[in-house]
Amino acid sequence: MTTAAPTSAPRPARRFAVVVIGASAGGIEALGTVLPMLPKHYTLPVVVVLHLPADEPSLLAEVFSYKVGLATKEADEKERLQPGVIYFAPPSYHLLLEADGTFALSTEEPVHFSRPSIDVLFGSAADAYGERAVGVLLTGASQDGARGLLAIREAGGQTLAQDPAEAMISIMPAAAVELGAARAVLPLKDIGRFLAGLEKEA
Amino acid sequence: MSLYPENFQIEIRLLIEAIYLKYNHDFRNYSPASLRRRVAYALQQFGCQTVSALQEKVLHDPDAFMRLLQILTIPVSEMFRDPTYFLALRQHVVPMLRTYPSLKVWIAGCSTGEEVYSMAILLHEEGLLERTILYATDINPQSLEKAERGIYSADSVRKFTQNYQKAGGKRAFSDYYTAAYNSAIMDKSLRQNVTFADHSLATDSVFSETHFVSCRNVLIYFDRALQDRAFGLFHESLCRRGFLGLGAKETVQFSAYAELFEPVVREDRIFRKK
Ligand SMILES: C[S@@+](CC[C@H](N)C(=O)[O-])C[C@H]1O[C@@H](n2cnc3c(N)ncnc32)[C@H](O)[C@@H]1O
């Protein structure tokens, strides 16, 4: 009996470093399907922009903490992204990722009537993380997110859109498909499975 | 392939350096992600292919620089933004301010003036405006001019009115402006005791002792070193037990000055000098 010779090649660096998710109308339900599929001890940080009526104090982090096995919190400026934490953009601020692995906030004008805007988050993820970013665009009635998803794709990152046929509101993922921003168009369950599977890619 | 043109990073540094050398505006310690977005947007607005081309324009044309400054400074504001902040000021800060015979309040990074008028209205309703001097400072001269004019679009007034009510307003917001030509002209008695001034938290020093500093949604654009510089100015300017109010997502807690301030209303980011 022989055992396989240990490979001397160094372990390749983990391909992905961050998952960014955008959702609008119907997003709470969609996230409620995808996020609980992520395994405990997930090793990527997950950053979510969900459009909500402005001015409501955001309870997202709390709402999802009961449904998800991972830690959830609202992102703070200059906070360092940690693996296995799900971050939500604070209401009335754009959330951006810096190349040094921290968050930045901005109060610049809304984009597609939204602040936080998915395009702003995704654009900064494409810029800061390039091919190490995974972008996911879910249900919504907005134009926000499609261009940002395209930016991630063009930077070499992985991009997924929810199957518009399945989405509660198809406009947002359909816009991404139309733009050619999504490498894969999948139902929610498969998106969850894909994200969970990134875990093994070490 | 990258989101931004080749050499973007290098050229932004050169642009920022050029602006500093030529116009003495110091953006060297601003958060990169936001700066990159603004410069990318400026490229579109100016029709420039590269940041170097933009740099050449602004170096040789002060008007072009002024246009760029509008993009870089993010002059976005509203009255009584985060109403609970102003409510907390009424409840927890005003009672202390009352004990002083005269008051100095510094609104740092006042942008187009919305925060200044909000503060003036609040102080007026609490009977303190008469004995207060307000310093309203910013690095953007066009924003300061707009602040001094005090004219806002009628569109924005509905939001301002809602915020005013949630902020514990005691009258009708319409008592404080005259409606004209799709705009609201703020009552000029509100700015009677306001001094508008060009002042940079990045390059200037303290100009007066104050009892209360309100600096909101400015520090989020600074790196930690520059945030510390700004906190240093506030600390130096504030009298003993003076108050510091910050934006909803800002805190002194992680700064070099953490130990020198204590929270008064943590959720509303109101601190007090120890
Ligand atoms: C987003 S606005 C905030 C306006 C207002 N305080 C509010 O919260 O609504 C940011 C302001 O900070 C100003 N600013 C940027 N850098 C500055 C500096 N170094 N010193 C003083 N003000 C600065 C900008 O010109 C801009 O008007």
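Structural remarks
- Of all residues making up the stretch B:11-32, the number that are open to solvent by 50 Å² or more (accessible area, probe 1.4 Å), part of a helix (DSSP H, G or I) and within 14 Å of chain A (Cβ to nearest Cβ): 2
- Check on B:SER237, touching a residue at least 60 places away in the same chain (Cβ under 8 Å) and either over 15 Å from the mean Cα position of the chain (by Cα) or more than 27 Å from A:SER92 (Cβ to Cβ) (or both): yes
- Residue within the stretch B:81-89 that is on the phi > 0 side of the Ramachandran plot, of a type in the set (Asp, Glu) and within 14 Å of chain A (Cβ to nearest Cβ) present: yes
- Scanning the stretch B:89-124 for residues that are away from the ligand (no atom under 12 Å from the Cβ) and either open to solvent by less than 30 Å² (accessible area, probe 1.4 Å) or within 27 Å of B:LEU69 (Cα to Cα) (or both) returns B:LEU89, B:ARG90, B:VAL93, B:VAL94, B:LEU97, B:LEU103, B:VAL105, B:ALA120, B:ILE121, B:LEU122, B:LEU123.
- 2 or more residues open to solvent by less than 30 Å² (accessible area, probe 1.4 Å) and assigned by TED's automatic domain parsing to the domain that holds B:GLU115: qualifying strands (runs of 3 or more DSSP E) within the stretch B:181-220: B:183-186, B:210-215
- The lone exception for B:GLU6 - which of (1) more than 19 Å from B:LEU201 (Cα to Cα); (2) away from chain A (no Cβ under 14 Å) it fails: (2)
- Conditions (1) facing another protein chain (nearest Cβ under 9 Å); (2) touching a residue at least 24 places away in the same chain (Cβ under 8 Å); (3) crowded, with 21+ Cβ neighbours inside 10 Å: number failed by A:GLY130: (3)
- Residue within the stretch A:155-174 that is open to solvent by 20 Å² or more (accessible area, probe 1.4 Å) and within 14 Å of chain B (Cβ to nearest Cβ) present: yes
- Exclusive hit being open to solvent by less than 40 Å² (accessible area, probe 1.4 Å), touching a residue at least 12 places away in the same chain (Cβ under 8 Å) and either within 16 Å of the ligand (Cβ to nearest atom) or not charged (D, E, K, R) (or both), set B:LEU35, B:LEU59: B:LEU35
- Selection status of A:ASP119, at pLDDT 95 or above and more than 14 Å from every other protein chain (Cβ to nearest Cβ): no
- Every pair of residues 6+ apart whose Cβ atoms lie under 6 Å, when the first sits in the stretch B:132-145 and is in the same structural domain as B:SER237 (by TED's automatic domain parsing) and among the aliphatic types (A, V, I, L, M) while the second is within 6 Å of the ligand (Cβ to nearest atom) and part of a strand (DSSP E or B): B:LEU144/B:ASP138
- Taking residues in the stretch A:94-113 that are more than 16 Å from the ligand (Cβ to nearest atom) and at pLDDT 95 or above, and partners anywhere that are open to solvent by 70 Å² or more (accessible area, probe 1.4 Å) and in a strand (DSSP E or B), the pairs with Cβ atoms closer than 9 Å and at least 6 places apart or on different chains are A:ASP100/A:ARG80; A:GLY101/A:ARG80; A:THR102/A:ARG80; A:PHE103/A:ARG80.
- Failed condition for B:THR50, given (1) touching a Phe, Trp or Tyr at 6+ places or on another chain (Cβ under 8 Å); (2) away from the ligand (no atom under 16 Å from the Cβ): (1)
The values are calculated or read from the model by the stated rules, or taken from the named source; none is laboratory data. Computed from a prediction, not measured in an experiment: that's the story for all the values here. Neighbour counts run over all protein chains shown; Cβ positions are idealised from the backbone, glycine included. Note: areas computed on protein heavy atoms with side chains; ligands, DNA, RNA excluded. Shrake-Rupley method; radii C 1.70, N 1.55, O 1.52, S 1.80 Å.
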